[in-house]
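Notes to accompany the following structure.
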Amino acid sequence: MTDPRHHHEPPAPADALRGAGLRVTAARVAILEAVREGDHLAADTVADRVRERVGTVSTQAVYEALNALTGAGLIRRIEPAGSPARYEGRIGDNHHHLVCRHCGTVTDVDCAVGHAPCLTPVTDAGYQLEEAEVIYWGLCPSCQSTTSQA
């Protein structure tokens, strides 16, 4: 899910692929659309959605395209501990994630308001910092109500 305060309308998938110097194929367009429309999807889920749109596509082709799209900065890959990699279309805004320890749901959360304090560690060890990846862990509202009823 995207937050309109921090996100502009992305270019059409074919235009985004061309702009990134990637070959435009039906599978790549479908992959980019699936990731943009999805909610932190695992590669297998992306593959299923792409097959619904374009028919046969190998899992290997989906993984290769996801890697190419991530490398080109068109999608973002996150890897919560104990979970398969997930892909999302919300890019370039240094947002973070909430992950439910029970059901694995992933939810976007904006970085702190104002300057990005999450980019100011105690020491930068000489690195030029560009992005911080923060994952907050807990129980989503649905799992909280389920566990409180048990």
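Values for this structure:
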read-out: Computed lengthening from GLN128 to ARG18, 0.36 nm per intervening residue step minus Cα-Cα distance; value: 36.7 nm
read-out: Helix-only CD estimate at 222 nm, as mean residue ellipticity for the chain, using -39500 (n - 2.57) per DSSP H run (n ≥ 4); value: -10500 deg cm²/dmol
read-out: Extension gain from ARG53 to THR120, taking 0.36 nm per residue of separation minus the Cα-Cα distance; value: 19.8 nm
read-out: Mean shadow area of the chain over all directions, Cα convex hull, nm²; value: 11.5 nm²
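Rule-based calculations on the coordinates, nothing more; no lab input. Please read all numbers here as calculations on a predicted model, not as lab measurements.
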